[in-house]
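The values are calculated or read from the model by the stated rules, or taken from the named source; none is laboratory data. Keep in mind it's a predicted model, so treat the numbers as computed, not measured. Cβ placement follows ideal geometry from the backbone for every residue including glycine, while neighbour counts extend to all protein chains displayed.
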Amino acid sequence: MSETKILQTNGEFIPLDENTITELRASLRGELLAQEDKGYDEARTIWNAMIDRKPALIIRCAGTSDVQAAVRFAGTHNLHFSVKGGGHNIAGNAVCNDGLMIDLSEMKSVRIDPLEKRAHVEPGATLSDLDHESQSFGLATPVGINSTTGVAGLTLGGGFGWISRKHGLTLDCLVEADVVTADGKFLKANANDNKDLFWAIRGGGGNFGIVTRFVYKLFNVGPEVLSGLIIFPLADAKNALTKFREYCKTLSDDTCVWVVMRQAPPLPFLPEEVHGTDVIVFALCHIGDADAGKKAIEPIRSFGTMVGEHVGQMPFAGWQQAFDPLLTPGARNYWKSHNFLELEDGLIDTAIEYTKTLPSPQCEIFFALLGGEINRVASDATAYPHRDANFVMNVHGRWDDASDDDKCIKWSREYFDATAPFATGGVYINFMTEDEADRVGSGFGSSMDKLKDMKRKYDPKNMFRMNQNIKP
């Protein structure tokens, strides 16, 4: 390797000579990859195929020491850099063009302490890694619904899933974190140590440092839960959603039901004539007593004329992977999102109309039911401020061919605009795309002023800027 040109934060390129590169490589336990090296393309590839960026260098960290070395190197040379955990972020913040990519995906250790009910998790671990280890003890912590999602980004931005109504957001269950800050220092953040940093990383995204260890509370869940799908034709959606919004008010925290509106995939329990038709799907999970769960979900069956049902006891870890086949890596994805207090009539009508014009068989609209323990936490207890939201909507544009970019993005944006009058104005930062810098204030809401103070304290030069960025 001769000279490498790399991008700085000021937009200028500087050369790194061979001796500098050799010294950097010698300081690492992990790998240093340049564009010509084997493994480079694999390392820079992430879940969303719309993101095709090429860093000048990639450091594949093997441990905290490598993370510190990477951050110090970036600081010394004023480098533009990104941080990759699971690589699942829709905006593609894991990868930068021409700068340094700090890749944590090899740091995947998950250690469970079943006596203390704690999980010690490295930042490259996925939800599947965490579920696999914790469920071997019949334990779990709230995470998302796609098992290939990275734990780190999910937690720093919020994190919610099937058991969040009972146990809160992922970040509500974080009890401690090891953080490498912008100056390369190692800090422990918890309720007693560096309390302000602990507050900021729970909802402030990757703005304040790189977390090299997460410690979560665990809860008794499973190993089997009542879960599954109940599916109706889209013609029944108005009646179904009107009943659903009232039904949600009767639910205990043990039960969670999400709504998905899309074209029916070729699921084996659906009649062949239903495949590819417009449907509304109620996806459910009950983590309490099975008989109580059966009673809790029974009203759903009266929402319309069912075209298919697949509900029963199954391993919780298996249910966590149920949607993976619809969310595989390598497709093109564009999301838009709103928070809602209620599913108003106008919102329901708009969702139905746009489901009739899906631009791709993979596009979908979903409404995640929140409430429960999520809403009982004070809005200023963590940096995540949206404790009043009862529903989060994700407009999930998804397709395979780049020639469909314009029509799929256009559909997503138009539906998003049409539903804005019914929304709270807040947004879940993990669902924000790269073109939504103007919504950062909406994402951090009432926490923004305090987060700016934390940014000035922990990252005054804004080194951590490949994120939903809080500018100091």
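Apart from one condition, ASN97 fits all of (1) part of a strand (DSSP E or B); (2) not assigned by TED's automatic domain parsing to the domain that holds GLY150; the exception is (1). As a summary of the residue check, LYS455 satisfies the conditions (1) more than 26 Å from ASN97 (Cα to Cα); (2) surrounded by 15 or more Cβ atoms within 10 Å (Cβ to Cβ); (3) of a type in the set (D, E, K, R); (4) outside the structural domain of ALA240 (by TED's automatic domain parsing) except for the one numbered (1). Among the residues of region 114-129, what is the count of those that are without any contact (Cβ under 8 Å) to a residue 24 or more places away in the chain and either aliphatic (A, V, I, L, M) or assigned by TED's automatic domain parsing to the domain that holds ALA49 (or both)? Matching residues across region 114-129 total 1. Of everything in region 218-250 that is within 21 Å of LYS294 (Cα to Cα) and among the basic types (Lys, Arg), the residue that is surrounded by the most Cβ atoms within 10 Å (Cβ to Cβ) is ARG245. Flag: PHE160 does not match the condition of being assigned by TED's automatic domain parsing to the domain that holds GLU36, of a type outside the set (Asp, Glu) and crowded, with 21+ Cβ neighbours inside 10 Å. Taking every residue in region 322-340 that is outside the structural domain of ALA91 (by TED's automatic domain parsing) and pairing it with any residue that is charged (D, E, K, R), at least 6 positions away or on another chain, the pairs with Cβ-Cβ distances below 6 Å are ALA331/ARG398; ALA331/ASP400; ASN333/ARG398. Note on region 86-118: residues that are more than 19 Å from the chain's Cα centre (by Cα) and small (Gly, Ala, Ser) total 2. Here LYS452 clears all of (1) free of Cβ contacts under 8 Å to residues at least 24 places away in the same chain; (2) farther than 12 Å from ASN207 by Cβ except the condition numbered (2). When you check ASP253 against the structure, is it surrounded by 16 or more Cβ atoms within 10 Å (Cβ to Cβ), assigned to a loop (DSSP other than H, G, I, E, B) and in contact (Cβ under 8 Å) with a residue 40 or more places away in the chain, yes or no? Yes: the conditions hold for ASP253. Right, ALA49: within 28 Å of the chain's Cα centre (by Cα) and over 23 Å from ILE90 (Cα atoms) or not? No, not satisfied. Taking the numbered list (1) touching a strand residue (DSSP E or B) at 6+ places or on another chain (Cβ under 6 Å); (2) within 30 Å of ASP17 (Cα to Cα); (3) part of a loop (DSSP other than H, G, I, E, B) in turn, ALA74 passes all entries but (3). Look at region 221-235: where a residue is of a type in the set (Asp, Glu) and a partner is crowded, with 19+ Cβ neighbours inside 10 Å and not in a strand (DSSP E or B), sitting 6+ places away or on another chain with Cβ atoms under 7 Å, you get GLU224/PHE316. When ASP98, ASP103 are checked against the criterion of being under 21 Å from ASP52 (Cβ atoms), touching a residue at least 24 places away in the same chain (Cβ under 8 Å), of a type in the set (D, E, K, R) and surrounded by fewer than 23 Cβ atoms within 10 Å (Cβ to Cβ), a single residue qualifies: ASP98. When you look at ASP52, is it of a type in the set (Asp, Glu), within 28 Å of ILE429 (Cα to Cα) and part of a loop (DSSP other than H, G, I, E, B), yes or no? Spelling it out, ASP52 is indeed of a type in the set (Asp, Glu), within 28 Å of ILE429 (Cα to Cα) and part of a loop (DSSP other than H, G, I, E, B).
Looking across region 15-45, the residues that are in a strand (DSSP E or B) and under 19 Å from ALA69 (Cβ atoms) come down to LEU16, GLU31, LEU32, LEU33, ALA34. The residue pairs whose first member lies in region 188-199 and is over 18 Å from HIS120 (Cβ atoms), whose second member is among the hydrophobic types (A, V, I, L, M, F, W, C) and part of a helix (DSSP H, G or I), and whose beta carbons are closer than 8 Å, counting only pairs six or more residues apart or on different chains, are ASP196/MET454; LEU197/MET454; TRP199/MET454.
Of the helices (runs of 4 or more DSSP H) lying entirely inside region 391-467, those carrying at least 1 residues that are within 17 Å of TYR354 (Cα to Cα) are 405-419. Apart from one condition, PRO268 fits all of (1) modelled with pLDDT under 95; (2) under 30 Å from ILE112 (Cβ atoms); the exception is (2). Assess whether THR305 counts as being modelled with pLDDT of 95 or more and in a helix (DSSP H, G or I). Considered against the rule, which asks whether it is modelled with pLDDT of 95 or more and in a helix (DSSP H, G or I), THR305 comes out as no. Summed over region 293-314, the residues that are among the small types (Gly, Ala, Ser), surrounded by 14 or more Cβ atoms within 10 Å (Cβ to Cβ) and in contact (Cβ under 8 Å) with a residue 60 or more places away in the chain give a count of 3. Filtering ALA290, ALA317 for residues that are buried (at least 17 other Cβ atoms within 10 Å of the Cβ), in contact (Cβ under 8 Å) with a residue 60 or more places away in the chain and aliphatic (A, V, I, L, M) leaves a single hit, ALA317.
In this entry, GLU414 passes the filter for residues that are on the phi < 0 side of the Ramachandran plot, acidic (Asp, Glu), at pLDDT 95 or above and out of contact with any Lys or Arg (no Cβ under 9 Å at 6 or more places or on another chain).
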